[in-house]
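A.B. asks: Please find one structure pasted underneath; my questions will follow.
The values are calculated or read from the model by the stated rules, or taken from the named source; none is laboratory data. Since this is a predicted model, take the numbers as computed values, not measurements. Methodologically, a virtual Cβ is constructed for each residue, glycine included, from the backbone with ideal geometry; neighbour enumeration extends over all protein chains shown.
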Ligand code: NOJ
């Protein structure tokens, strides 16, 4: 089947379902709620959706612990609601991506239940190891969420590996039967009409033979022994050749710790590529060291280096996705922008990435500048990673200090319900919301921003419409200007007959406007701006301008 690469002309919207919109009043976001809001998503200019998992799950990791890959969770409306949603999405020409989580399952999945009882053919579906005579764990790896990566299973009398929560046992992808199961899942959803998959930590699926100890990596011990493992490309190629290439679909690989060079070994646009695009983490690390739990001061230069390096190194070889937010990181605005210049910096952030080459993704609420949730009590946190980190770090610090660290680091900071309007529960539900609503919803909500032509919401609409109208945004050559500036991000896109210059200030100070040589403003049109007057020779705090020639 010819793969048309339709994703290059689209903009995606990520739905984290339980907090998006409740359609039946039970307090939990669901697919009926999504149906209600599809026109809204389309009105933003978004014509693709990535659903974080909506399968049946005990919810130990908010759905990333799947108990049945071929159904839709009843709390999200079941298969009936999914099919209604899919039909409506197709009518609106919105592509739909499912989240494929096959590094691990839930421990409540039937496969695990049978594997722990050694019922064939499931005995080797997971990674089991016997107890050692010295009483030590099978190796020294850490899980990403809850301490060590091994848990003893009484039923089987062996340890199982879990790179994430205890309730997320890792599948044994070396077992061909497991790979057949993955192919069945892919086919099931593609045949139903979905357009592709976001593939959860897919670079972890092949572990180094013998599961050796790791003595090098400072955190998440073990990672070099399972990230980009020995057979990962082979297995991904098998999925492509046996299933994916027979559909006009798209795949998006989540890849912690990946460089552009490494990314090309997965997503090169030639016959060697196994997938289409990659979620890289470097763009999230301008204010932390590798993880949100090791925060540093925001460095614009670090952000620019990350953006530019991916633009340059992939150009002509691969096409990638672009993002600022998702469900795994605190909101971007208080991190890379400024709460003192909430509206201006929300817009500048949008301009800083929407004109790069690639397929942009927006995370629900980003388009209205939602900011971090700040609970007053650590017990209010829901996320398994947050709860573990809170219970095990900074124990000798006072409560307020510990809480502040969590506000800055927790995934829950960005998982509160979408703020639709200023009625009870931000219009998210008529029932009791499953999670806390950010108290700022009377001032930050969709309805209010729909009324305000100067809102962040309308800015996103304009910026997305512009990127879709201008071929240079898709094709043009990227250049970063003034890379050493720690207050401005200036980049251009250029192709024969069309030229774009994006100027973004990332400071609360007024700074001189710097225009690169060869860009004559007297012939340019300002096609997007976030202050009423875009003609001054200085930039206001967090001002952005987009010039077109
Ligand atoms: C990455 C997902 O984005 C995250 O939410 C999840 O907790 C882990 N993978 C484990 O599935």
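A.B. asks: Which one is farthest from the ligand (Cβ to nearest atom) among residues in region 156-180 that are farther than 14 Å from residue 104 by Cα and surrounded by fewer than 20 Cβ atoms within 10 Å (Cβ to Cβ)?
C.D. replies: Across region 156-180, the extreme among qualifying residues is 157.
A.B. asks: Continuing with this model, one more query. Would you please list the contacts, defined by Cβ atoms under 9 Å and residues six or more apart or on different chains, that run from a residue in region 302-330 that is over 20 Å from residue 275 (Cα atoms) and free of Cβ contacts under 8 Å to residues at least 12 places away in the same chain to a residue that is away from the ligand (no atom under 16 Å from the Cβ) and part of a loop (DSSP other than H, G, I, E, B)?
C.D. replies: Taking only residues 6 or more apart or on different chains, not a single pair turns up.
A.B. asks: Tally time: how many residues in region 185-204 are within 19 Å of the chain's Cα centre (by Cα) and either over 21 Å from residue 72 (Cα atoms) or within 16 Å of the ligand (Cβ to nearest atom) (or both)?
C.D. replies: 8
Yes/no matrix, rows are residues, columns are (1) more than 16 Å from the ligand (Cβ to nearest atom); (2) under 23 Å from residue 450 (Cβ atoms):
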{"site": "6", "(1), (2)": "yes, no"}
{"site": "12", "(1), (2)": "no, yes"}
{"site": "26", "(1), (2)": "yes, no"}
{"site": "43", "(1), (2)": "yes, yes"}
{"site": "52", "(1), (2)": "no, no"}
{"site": "57", "(1), (2)": "no, no"}
{"site": "78", "(1), (2)": "yes, no"}
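A.B. asks: Another question, then. Suppose we filter region 59-76 for residues that are in contact with a helix residue (DSSP H, G or I) (Cβ under 6 Å, 6 or more places away or on another chain), away from the ligand (no atom under 14 Å from the Cβ) and assigned to a loop (DSSP other than H, G, I, E, B); how many remain?
C.D. replies: Residues in region 59-76 being in contact with a helix residue (DSSP H, G or I) (Cβ under 6 Å, 6 or more places away or on another chain), away from the ligand (no atom under 14 Å from the Cβ) and assigned to a loop (DSSP other than H, G, I, E, B): 2 in total.
Let's see how each residue does on (1) farther than 30 Å from residue 32 by Cβ; (2) modelled with pLDDT under 95; (3) surrounded by 18 or more Cβ atoms within 10 Å (Cβ to Cβ):
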| site | (1), (2), (3) |
| --- | --- |
| 64 | no, no, yes |
| 115 | yes, no, yes |
| 135 | yes, no, no |
| 145 | yes, no, yes |
| 154 | yes, no, no |
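A.B. asks: Quick test of your reading of the structure: residue 310 fulfils all but one of (1) away from the ligand (no atom under 16 Å from the Cβ); (2) in a loop (DSSP other than H, G, I, E, B); (3) crowded, with 24+ Cβ neighbours inside 10 Å. Name the failing condition by number.
C.D. replies: Checking residue 310 against (1) away from the ligand (no atom under 16 Å from the Cβ); (2) in a loop (DSSP other than H, G, I, E, B); (3) crowded, with 24+ Cβ neighbours inside 10 Å, the one that fails is (2).
A.B. asks: Could you look through region 381-413, keep only residues that are out of contact with any helix residue (DSSP H, G or I) (no Cβ under 9 Å at 6 or more places or on another chain) and closer than 21 Å to residue 63 by Cβ, and pick out the one that is farthest from the ligand (Cβ to nearest atom)? Walk me through it before giving the result.
C.D. replies: Let us first name the residues in region 381-413 that are out of contact with any helix residue (DSSP H, G or I) (no Cβ under 9 Å at 6 or more places or on another chain), namely 384, 388, 392, 396, 398, 400-401, 404.
Still in the list and also closer than 21 Å to residue 63 by Cβ: 384, 388.
Details: 384: 8, 388: 12 Å.
Checked region 381-413; the qualifying residue farthest from the ligand (Cβ to nearest atom) is 388.
A.B. asks: For region 41-57, state whether one or more residues are free of Cβ contacts under 8 Å to residues at least 60 places away in the same chain, touching a helix residue (DSSP H, G or I) at 6+ places or on another chain (Cβ under 8 Å), more than 17 Å from residue 195 (Cβ to Cβ) and not in a loop (DSSP other than H, G, I, E, B).
C.D. replies: No, because not a single residue in region 41-57 is free of Cβ contacts under 8 Å to residues at least 60 places away in the same chain, touching a helix residue (DSSP H, G or I) at 6+ places or on another chain (Cβ under 8 Å), more than 17 Å from residue 195 (Cβ to Cβ) and not in a loop (DSSP other than H, G, I, E, B).
A.B. asks: On the basis of being within 16 Å of the ligand (Cβ to nearest atom) and touching a residue at least 24 places away in the same chain (Cβ under 8 Å), does residue 98 make the cut?
C.D. replies: Working: within 16 Å of the ligand (Cβ to nearest atom): yes; touching a residue at least 24 places away in the same chain (Cβ under 8 Å): yes.
Yes: the conditions hold for residue 98.
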